[in-house]
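Report on one structure; see the data block that follows.
The values are calculated or read from the model by the stated rules, or taken from the named source; none is laboratory data. Just so you know, these numbers come straight off a predicted model, no measurement behind them. No Cβ is skipped: glycine too gets one built from the backbone with ideal geometry, and neighbour counts run over all protein chains shown.
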Amino acid sequence: MEENEKEKNNTSNFKAVQNPTTYKTMSSSEKTPKSRVGFGKGILLPFFSGVVGCAVVIGTCFGIPSIRDSILNNNDTSYSSSNSSNSGLVSQTSLSNYSDTAVYAANKILPSIVGIQVEYNVNSLMSMFGNQVSTSTATASGSGIIISEDGYILTNNHIVSTSSEESYYEVSEATKITVTLFNDETEYEAEIVGTDEQTDLAVIKIDATDLVKAEFADSDNIKVGEFAMAVGSPLGMQDSVTAGIISAVNREVTDSDGKTYTLIQTDAAINAGNSGGALVNSEGKVIGINTLKLQGEGIEGMGFAIPINSTTDITSQLIQYSKVRRPYIGITGMEIDSQTAEKYNLVEGIYIRDVENFSAAEKAGLKIGDVIIEADGKSVKTMDELNEIKNSHQIGDELKLKINREGKESEITLTLGEQP
């Protein structure tokens, strides 16, 4: 606006210099004296002077780049205008850059995303017919991320390993898994390489080569508010993308089975079938694996993804060992809070209810009734705290525990075993 005002001032000044004739506006009651000049001097001369002045002004404006650009580009899609209702500026901004970002990210990641179809056997108990069992086939769908050119695919454990048992039905392990690639209707049969229920991750493999491997970003560097796109096969609609932002990082979420995860939160729409697909940044690089969403009345735009950095070690172990090798103590514990400790004349900590045979705990001399109060010199009052310290070690490492046994404290050093 300031530049436009300057242009107007310059134009007015320039006109005054080119045409110094002074004009006076008079009311209708005033009499105009009879002109003593001729027609040429009184009318034609001022007229032609004005034409020449305008031509010079226009020519000068188009000779000055800033003024010329202002005149020619006054229809730009991005501008600011004053609003009489407030003292701020109302801006209209082109969304072409945002659109281009989404198009680039989608084109980058889509060739690396697959659709997954899983078949199960469901055995239903028909008690009213003498405990007869009826077997049927059920299907489920999900998504996956290509992590190697020779067919390894990363997905969620709950997609390919959802066996469960209730009093009236039993769901088997997956009997068949098929994979569909981007822009390819061919169905590739897949085999399970490894699964990990604790992290809800799994690796499957198809017999294919020259696949487009997804590129990973550093999920530790993502920021709240940055662009995010979820890619997968919601409700079986393969190659679907939804866009939003990163809503939160390091969000602790507990699922319906009581497992707690540390996840990325996003408002990019995640629906059934998106699980195992990718959450990517503006460069189309994977920052997370879509895995959970909150749903219910009044809930909208709350989806969650496993940070990709936390999957790399898990993935390599699943490929190498078909499972994740974790350190193991070998106890069943119960958390003792201050009220329970006072009531039963115990101390706060982890009460050992059971010690597994031949475990690291048994070999180190831990007994039922011991209360673990410290691990590696740090106070522990919950199993989560103990597991966090334990998981910072490798199999075969030593773990120092301080316990309370019948009111007396002592230290025990055990060598961590491998979780069965």
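Taking the stretch 345-364 as the range and being acidic (D, E) and within 40 Å of the chain's Cα centre (by Cα) as the test, only E348 passes. Taking the numbered list (1) among the acidic types (D, E); (2) surrounded by 13 or more Cβ atoms within 10 Å (Cβ to Cβ); (3) touching an Asp or Glu at 6+ places or on another chain (Cβ under 9 Å) in turn, D337 passes all entries but (2).
Taking the stated definitions as given, is K381 part of a loop (DSSP other than H, G, I, E, B), buried (at least 16 other Cβ atoms within 10 Å of the Cβ) and in contact with an Asp or Glu (Cβ under 8 Å, 6 or more places away or on another chain)? For K381, the condition - part of a loop (DSSP other than H, G, I, E, B), buried (at least 16 other Cβ atoms within 10 Å of the Cβ) and in contact with an Asp or Glu (Cβ under 8 Å, 6 or more places away or on another chain) - is met.
Being of a type in the set (G, A, S) and crowded, with 23+ Cβ neighbours inside 10 Å is the filter; apply it to the stretch 268-282 and report the residue that is modelled with the lowest pLDDT. Among residues in the stretch 268-282 that are of a type in the set (G, A, S) and crowded, with 23+ Cβ neighbours inside 10 Å, the one modelled with the lowest pLDDT is G273. Taking the numbered list (1) in a loop (DSSP other than H, G, I, E, B); (2) touching a helix residue (DSSP H, G or I) at 6+ places or on another chain (Cβ under 9 Å) in turn, I287 passes all entries but (1).
For (1) within 16 Å of G276 (Cβ to Cβ); (2) modelled with pLDDT of 80 or more; (3) out of contact with any Leu (no Cβ under 8 Å at 6 or more places or on another chain), each residue gets a yes or a no:
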{"position": "G88", "(1), (2), (3)": "no, no, yes"}
{"position": "I116", "(1), (2), (3)": "yes, yes, yes"}
{"position": "V133", "(1), (2), (3)": "no, no, no"}
{"position": "T139", "(1), (2), (3)": "yes, yes, yes"}
{"position": "S163", "(1), (2), (3)": "no, no, yes"}
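Selection within the stretch 365-376: residues that are crowded, with 18+ Cβ neighbours inside 10 Å and within 17 Å of G417 (Cα to Cα). The member of this set that is farthest from the chain's Cα centre (by Cα) is L366. Here T260 meets the list (1) touching a Ser or Thr at 6+ places or on another chain (Cβ under 7 Å); (2) under 29 Å from S148 (Cβ atoms); (3) of a type in the set (S, T, N, Q) almost entirely, failing just condition (2). Once the stretch 221-256 is narrowed to residues that are assigned to a loop (DSSP other than H, G, I, E, B) and of a type outside the set (A, V, I, L, M, F, W, C), the residue that is nearest to N97 (Cα to Cα) is E226. Condition check for D257 on (1) in contact (Cβ under 8 Å) with a residue 12 or more places away in the chain; (2) surrounded by fewer than 20 Cβ atoms within 10 Å (Cβ to Cβ): one failure, at (1).
I'd like to check something: does the stretch 327-334 contain any residue that is closer than 30 Å to T155 by Cβ and out of contact with any His (no Cβ under 6 Å at 6 or more places or on another chain)? Yes, some residue in the stretch 327-334 is closer than 30 Å to T155 by Cβ and out of contact with any His (no Cβ under 6 Å at 6 or more places or on another chain).
Just a yes or no: is a residue in the stretch 299-307 assigned to a loop (DSSP other than H, G, I, E, B) and within 30 Å of I352 (Cα to Cα)?
No, every residue in the stretch 299-307 fails to be assigned to a loop (DSSP other than H, G, I, E, B) and within 30 Å of I352 (Cα to Cα).
Would you mind stating whether I352 is in contact with a strand residue (DSSP E or B) (Cβ under 9 Å, 6 or more places away or on another chain) and surrounded by 13 or more Cβ atoms within 10 Å (Cβ to Cβ)? Spelling it out, I352 is indeed in contact with a strand residue (DSSP E or B) (Cβ under 9 Å, 6 or more places away or on another chain) and surrounded by 13 or more Cβ atoms within 10 Å (Cβ to Cβ).
Sub-9 Å Cβ pairs linking a first residue in the stretch 101-123 that is touching a residue at least 12 places away in the same chain (Cβ under 8 Å) to a second residue that is assigned to a helix (DSSP H, G or I), at least 6 apart or interchain, are G115/G236; I116/I159; I116/V160; Q117/G236; V118/I159; V118/V160, ordered by first then second residue.
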